[in-house]
Structure formats: structure tokens, C-alpha cells
Amino acid sequence: MKFSFLHGSRQFRRDWRSGEMLALGGALLTAVAAVSAVGSFSDRVEDSLQRGAGEVIASDIKLTSRTDIPEIFEEKAASLGLQTARTVTFPTVLFIDGQTLLASVKGVTPGYPLRGTLGLRKDPQAPDLVSVSHGPGRGQAWVDKRLLATLGLTLGDRLDIGELSFTLASVLAYEPDRGGQFFSFSPRIMAHRADIEASGLLGPSSRATFALLAAGSAAEVSGLRDFVEQREQNEIGIVDLPSAQRQVGATVGASTEFIGLASLGTLFIAGIAIAVAARRYVDRRRKQAALLRCFGASGRTVLLIHIQTLLMMGGAWGLVGAAIGFAVQELMTRMLGEVFSLGAGEAGWSAVVISLILGLTLLVGFSVPELARLMRVAPMEVLRRTETPVRPIRDVLWYAVPVLVLILLTVQQAGQTRLVFYVLLGIAAALVAMMGVSLGLLKLMKRAAHGVGVSWRFGLGRLYRDPMSTTFQIAAIGLGLTVLVTLSLVRGQLFDNWEARVPAGSPNFFLANIQDFEKQRLGGFFEERLGETPSFIPMATGRLVTINGRVPTVADYPDPRSASRIEGNLNFSWSRDLPKDNRLVSGEWWQPGTTEAVVSLAKSWAEPLGVAVGDRMGVRVGSQTIDARIMNLREVRWESFNPNFFVLFPPAAFQNAPHTFLSAIRLEEARQDELVALSRQFPTVNIIDIGAILGQVRHLMKVVGVALNLVFGFTLIAGAVVLYAVMQSSHDSRIRDAAMLKVLGCDRRRLLHALNTEFALIALIAGVIAAGAATLTGWLLASQVFNLDYTPGITVIAVSILVSVLIVWLVSRSGVQTALASPPQATLRAR
Amino acid sequence: MKEFVLEAINVSREVLGPAGRLTILKEVSLQVEKGEALAITGPSGSGKSTLVALLAGLDSPSSGQIILAGSDLGVLDEDGRAQLRAGRVGFVFQSFYLVDTLTALENVMLPLELAGHATPRKEAAKWLDRVGLADRQDHYPRQLSGGEQQRAAISRAFAIDPEILFADEPTGNLDDAASEQVAELLFALCESREAALVLVTHDMSLAARCGKQLRLEKGRVIGDPG
């Protein structure tokens, strides 16, 4: 043991710069960096959202409703000894000097927040936050920095909201209970609740969300919960700590899951690189192992020496990888901080430690099957090269261990066994297909290159000598490249296409919260000012109370998307006919005038709940409950930008339920001043700027896309490391061949040409394959998932080949230089 | 009663080739006493290296018996044979086989550490000094000349004070002057340490310095060793 450690550490000190050690180190570094970056980032996001349990809802219990919460609940809370505060939140469009901005207004009573603090900046550029545990004073507004930037305002300016004018007193940088709205599309304006009530924006049945916050001991909180539940007021939702965390967790989970999957993909590719590099490591140490065996070392000692050498190497490279990963997650956090309401999440070290452990496990797991061969090297090899022993199946089965561990990790990360299975199957199939295609192209080139000069023949010959290894390196780089090209180019193209598909003249403003009595007046306004006759779509809010007669709980439904359906409010509409942007996918549409208790669901809404046509769903609005049979499932074209609903009933079902109306209009930019008049005449109607939302979505996609590319960048680097490892494995023979050419009188220029031919062909074939695969993936995604037309662009092909050439050139330089620089006599004598 | 360090009785080695069974060695018997030197000579392909490999326990015979340092190699497994070699058997190769990434000193320390020597560094330094490489101990193999590399390899072989030393063409890669120097060293050390020597060589003058000679042709012993 002592010997193996001493010898192992000596080996590491002297050997760490060898090609195969660099390949092993590079693979490990990439894997650790990817896992630590993604892991730390996820931790940080979750930490920031779940930091201080009470902060998530700024209290210990929160009652929410679409109407103001009756006094009786506040009185009860006070009598129980709980502290209370009230908030009201609603969206509104601001108009400043012809600019419109969708903002989210929040009115708070002075006691807010009951848990956590608000973070303010007195100067938008100031780095430090001032923490306060009270809301704004009368006449003051605290706003997001983004709002100031967009509207060209500064602190101290005045801002009109409804009928009141506010002084912009502070920049609101952190709000504890904003975590529930993970994606903060619209900037916040916070003001005193009394001011908001006086602004005229809150009508008798406003679309605002009202909340009563309470904080106190667990017994007091429980007392209030019981009181609310006993009164069976279904329009009042109860959000306590567990349910708030669940919703937050689901949103965070969905967002980080995909990125997590990407990093595991990197691990698989890094595993391949490790296996390839370990093979060369073993080949180059056979003599040494034989020598040690000659001197009396046991097979176990030989294995131990090399495992220790690799672990030392892994530790050193892993630490560098972890540091890189940490830096990348810092970059991602800064980039995404703008989109996610992160606050300052603590950067944890656990992900870094886990990534190191995982990296070393990966290293040992994928290299031991090769290292095991060293155990069996015959001491006889010191005298004469013996035949490489046929690798027993047991050696190959060793690989099953790390692969299985990675699969389990992936399943645990993705939570969906089937998805993981398909992804893995896809990767394996792609790898095999790419190897097949590259072999075909290689053969074609060989035939086409008949009669070419010595350099070409040499380059091609080297590729063709070991077609398995050549096609593997081409496929490895091709796969990494495909992922990156698909993401960076196809995604952009899909998005442009999606935007282009929004029909010209489709609505760019939604009007919500239109009361029945306002319909006629509003219709008149449109006809008179805009020459348009709007349609009004009813909308009511209820709650999902039963599924097939049972009260659903979040615990029963593993899909995180089901939480909001079960615990949140349910907005629905009714319609006589199937709306025009909808397509039936199962079941039948109802007869006009039906009085049967039936319901129609959007397929995407029904899926997480696992309900299908024929199942029953209980919905309660006020005191009225309907247990409706699911009559059909629909697919909705949301990109039409017409108002659509997940849940639709026949008109007779809820005709007496309290409801408002929605409408959608198209207003060209020049005429958007009309909105100012509209908001003055109809102060309770919410104007939602879809154009602005679309802009924000586009911005969000761009930022998330950059972050994703960062993660997929690791995949590409892992692919490049595989390429380096495979190239290293042919390094010795390349040097020998080059030496032979030199002995035969080949000059440097021709030799360089020959070597460049080999690498240029690899790059070209990998680039073409990646372009083809990316195009195919893009087409599949477009036609099968997004229902879009997809035209493959020449850019995809050009960029794939360009990136491929760049990577191969970078990776091959050191090998080419060594081959060129080695004196032929020394090279031949040494081998 | 003579004390044999090495004894081979009717040792044969066959391999399966594309054309069927191929006999590389046929019923070779030999004996080497303590401190005795045996030269194995013969043309290329006569089976010299195979015989040395079998005698040193690096490979197993198809039939016959080999007793090395009092142990029957036939009853030992691979690790058992390795254990036997550790500390008792020395090797010198034609291509030196110094580990590229270790210094001369560390190369000599290698078998000492494997044999569990208490002060491997000190002992290795002593041996390098003895072969005239005291000032080269921190040099890597690539920084040494061929003769120097072989001298380092010889000190590595003798550092463990072996009972028997196997040398496979130890001067095969050296010029005349270096060959002479290495051969001198090899015989002098064997004599002073009373180690038996099994020397494979093409060089008849070198073979002539050994007490016994065994000539192989096509895997068979020609004439009597003596």
C-alpha cells in the first residue's frame, strides 16, 4: 500500500502532462465544471426562493381572494393574537409620453411584510441594499429599477397611477413574497394600500388579488386556518408555508430540470472520453506494468498504483473544474438574475463537493475496466510484446456500473424514466447512425480521391486504417456539435417562425375585467374611435374541488404542474361552439343548448392530472358546485393571441356565476394613445399589452438561451475532449508514420499537408453530419412538437462545418507540431 | 550435495499458431548453482528469450518442471511467482527498460520498495555510486547515454541482492566501449555478491566468460551445457 502510494504519487508528478493524462484531466474537468455549475446554480435559485421559510409568503399564513377579504377574518386573526397586514396586487398599463409599460401594482398596509424584509436602494446604482420591514408611506411609490429605465424616470420624479400622483421614493430591489411569481415579467410598483384604493383602479369586483397576511405562533396560525376552513368560503385560498414552497419548488424544479439533464449528457460524453483516454493510458504503461510484475509486484499493487495516480490527477483537475464551474454559475446567476427574481441567493459549496465526488467516481468508473487490463499484463512482456489478451466479457460488463449509476442519476434528476430512456436511446442511435454515415462518407472519399498525391493518400489512409476509431471520433465530435447547433440556431429559427406565424392583424392588447354593464359602452367606444366591433368572452373564477368524486391533493399527483391546478384558482369560460383556434383531439363537442353537466379541457391542462374523456371533475364557484363529465379534449393554438381557456363549459352550466368579460383588440402603435382615453373612461378595465409581454418573452428566451448554451458548451467541450483523447490514441502511430515519411524524403510542407488532410477530413465529415443531424432534429421538433413549418437554413450547415473545423484545428495542433518536430532518427529509435 | 539456484527439467513450450501447434522449446533441462554463470546462445528465433521467460517465472511451460530459488514454479500462481521474484531475482534487459518518468535513483529504488526495504533511497544511492553514476542520480533516462542507462539498470538489478540475475542481451544496444564496461560490471558484481547469472547473448566472447554455456537451435539444446 505504501509502495503503491509512493509510486503512484511519483508517477503523477512526472506524468501529468502526458497526452492521455491531459485527456483524462480534461474530461474530468469538463464533467466537474458542468455538474458544479449547474448544481450550484440550482442550489442558489432554490436557496434564494426558500430562504427563510416565512419570507416566501412574507407571513406565516396568507389568505387570498379575488375580492377583498372580509373584516371578520382580520378580527379573528387579531383575537387569536396574530399580527396582520393586507395587500392588493393587480396589473396595469402605464402611459408616459407615448410609452406604454405593463406594470404590477401592489398596495400594502404599513405592517407589511410580517416576515422577511424589503430591500431598497436610495440610488439605483448603489450596490448596497437598505432593509426595511414596512411598506411605503402615503404618496410614495417604490418601483423596480427596470421601470425607471424603461420609462426614462429617476427617483424623485412623479408617476401617475389612476387618479393619483406618486413620488418615486426608492428602488425596490427585493420583495420577499415575490418568489411565487418566479418569472417577473412586469416591473413592480409598491404603494400604500390606502393610496391604491383612492386611485380609482380598484372597482367593486376588480381583477386584483387581495390578500390578508398573518403571522404568529404555530397554534395561532392553525387556529386561523381552522376558522377559515370551517366557514367554507371557497373563494378564499389559503397559502401556508408547505403549499407556498411546493408551488415555488415546482416552478424552480421545471426550470432547472432541463439544465440538469443537459449537464448529465455532458457526463456521459465525458465518460466516453475517460474510457478512450484510459485505454491509451493503459497501452502506454503495459511495459512498465510488466516490469513491476517482473520485480515482484502483484496485479493488485499495479492496479492500486494506477488508481492512485488517476485519483491524484482527478483531484487536481477536479478542483480546477469545480472552480470553473463556480465561476460559470456566478455568470449564469448574474445573467438570469434579471429574469428570475433571485434576490441574493447564497452560493453553496455542497454542489461543488458533490461534483468533485461525482467526477472522481466517473473517472474511476470509466477507467477501471481499462486499468484492470494492467493487472493481467504478463511479466513476459518485458522480453517480447505478447498478444493483447482478448478482453473478457467481464471487463466490458464493468462499464455497466458507471453507465447504470449515470442513468439512475439522470432518472432522479429528470423524474421521468421514459423521457430519460428516449433521450438515451436517441443519443445511442445518433452515435451509431453518425458512425455509419461517416463510414459511408469516408468510403466515398477514398473512392473519389483515387489517384491523388502522396499527402492526400497518406491523410486518407490514416483515416481508413482504423475505420472504427475514425468514425467514433467523427461521431463523438458530431454529437456534441449537433446539440450546440440545434440549440443555438434551430431554437432561434423556431422562435422567429413562431413569431412570424402570429397572423398580421392579430390582437396586441387584451382587455380584462370588463363588467356586464360596461360591455355596451365599451363597444361604443371601440366603434366610435377605432371603427371596430369587439367581441366579449365571459370569464369566471372557481376552484377544482373533486376529480372522479375524490378531493385531490398535491401529494396524489407527482407532476409538478398539477399543483397550481389543484391549489390555485381556476379561470374558465363557456361557449356554445368550439372556438376557432381549438381542435378536438378526443371526444365530441356538445350539442348547442345542452344542459348536461359536461366540460371541455385543453389537453395540456388535463395531462398532469391524468384525466381523460369520461372522467368527472367537480368545480365550485361561490356556493354552486358542478360535477361535470369530461366530454372532450382540445388542442389550443395559443399563438393566435385570441383569448382562449383551458377549461370550457356549455353556456348553461354557470350562467348565474359571478363573471366578467375579456376582449382583445388590435391597435397600431400610432393609435395607442387611445388607450389613455380608454383607461380614463374605464378605470377598472385592465389593459394587458401582449406586444410588451411578447417582447419580454423574447428577452427571457434570449437570456435563458444564453444560459443553456453555456451549459451545452460543456457538452461540446466534452465532445472536443473525446476527440482529443481519440486523437491521442493514434498519436504514436502518427508520429511513427511522419518519421517514416521524413526518412523517405518527405519535406515539412508536404508532411503538414498530409497531416492537415487527415484532420480536415475529420472536421468536414463531422461538420456535415452535425448539420444534417441538427436539421433533422430541428425539423422533428418543429413538425412533431411545435407544429411549425421549418426550412433548414444554409447557415446551419456553414456554422456546423466552421465550428467543427475550428475545434478540430485547435485540438489537433499539438499533435501536428509534435509530429513535425520529432527528428526521424530519434523517433524510430525510440519506438 | 550441490545447491542449485535454478533447475529446469524437460521444459517444453508450445503455442497454437495459424498452422497448428508450434513447438518453441523442446525438453530443455539445465541446472545453475549458486554463484555460477550460464550463457544461453543461439540464432534469432531459437527460443532463447522464451527460455529465460520460463526460467524467471514470467511465463509458464507447457510441460516440464522449473525450480527457482528452491520453489517449484509450477505450483505457484502469477502473484505467487511475483512474490518469489521480489527481492530474490534480478533482471537486466537489452532495452534497459528504465521507467521514463522516474529518475535514475527512483528507478533503482523501485525493486527495493517492492521488496519492502527499510531505506530504499539510501541503498539505491549507494548502488548508483558503485556503478559510477553518483552524479547522475537525479537524471531521467532520456538524459543518460545508453551505457549509463544500462549501468543504472544493473544497479537496479543488484540493489536487492538477488540470488540469481537474468540478463537478456545486456550489451545488445551498446557500442564496444560501453559493452565492455557493462560486461565488466555485470561479472564483477555477480562474483562479489555470489549471485548466479543466466545470460542470453549473441556475443560469443561474452558467453565465453560464463562457466557454462547452453546453445539453442530451433528450440532444442545442441550439445551438453558445460
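The values are calculated or read from the model by the stated rules, or taken from the named source; none is laboratory data. Nothing here was measured: the structure is a model prediction, and the numbers come from that model. Virtual Cβ from ideal backbone geometry, glycine too; neighbours counted across all protein chains shown. What goes into the accessible areas is simple: the full protein's heavy atoms, side chains included, and nothing from ligands, DNA or RNA. Shrake-Rupley method; radii C 1.70, N 1.55, O 1.52, S 1.80 Å.
The trypsin sites (Lys or Arg not before Pro) found in region A:501-596 that occupy coil by DSSP, while having at most 15 further C-beta atoms within 10 Å, are A:Arg561, A:Arg576, A:Lys580. A:Glu527 exposes around 100 Å² of accessible area when a 1.4 Å probe is run over every protein chain in place. Please say if region B:29-179 is rounded, prolate or oblate, where rounded means a/c under 1.5 for a ≥ b ≥ c the square roots of the C-alpha gyration tensor eigenvalues, and otherwise the choice is prolate for a/b larger than b/c and oblate otherwise? Oblate, since a/c reaches 1.5 and b/c is not below a/b. Amide H contacts of A:Ser59: A:Arg115, each under 5 Å away and 5 or more positions distant or on a separate chain (H built 1.01 Å from N in the peptide plane; Pro and chain starts excluded). Once the Cα atoms are used to define both axes, helix B:146-158 deviates from the longest principal axis of chain B by about 80 degrees.
Assign one of three labels to region A:78-144, namely rounded, prolate or oblate, based on the Cα gyration tensor with a ≥ b ≥ c the square roots of its eigenvalues; rounded applies when a/c is under 1.5, prolate when it is not and a/b is larger than b/c, and oblate otherwise. In terms of gyration-tensor shape, oblate. With the simple model of a label 7 Å out from the Cα in the direction of the Cβ, A:Ala433 to A:Asp123 spans 5.9 nm. For the residues of B:84-93, the average number of beta carbons from a partner chain within 10 Å of their own beta carbon is 3.
Here A:Trp638 sits with roughly 100 square angstrom of accessible surface, probe radius 1.4 Å. Partner lysines whose Cα lies under 16 Å from the Cα of A:Lys76, excluding those fewer than 8 positions away in the same chain, are identified as A:Lys62. Ordering B:30-37, A:20-27 by mean Cβ neighbour count within 10 Å, with the highest value first, yields A:20-27, B:30-37.
Modelled spin labels at A:Trp809 and A:Arg529, positioned 7 Å past Cα toward Cβ, are 5.9 nm from each other. Between the helical axis of B:104-114 and the longest alpha-carbon principal axis of chain B there is an angle of about 60 degrees. Of all lysines in the structure, those lying under 29 Å Cα to Cα from B:Lys34, and not within fewer than 8 positions of it along the same chain, are B:Lys2, B:Lys26, B:Lys48, B:Lys122, B:Lys126, B:Lys212, B:Lys218. For the pair B:Arg21 and B:Ala118, label points projected 7 Å from Cα toward Cβ lie 5.3 nm apart. Between chain A and chain B, the total buried accessible area stands at approximately 2400 Å², from heavy atoms with a 1.4 Å probe. List the residues of region B:125-159 whose backbone N lies under 16 Å from a point placed 7 Å from the Cα of A:Arg13 along the Cα-to-Cβ direction. Zone members listed by number: B:125, B:137-141.
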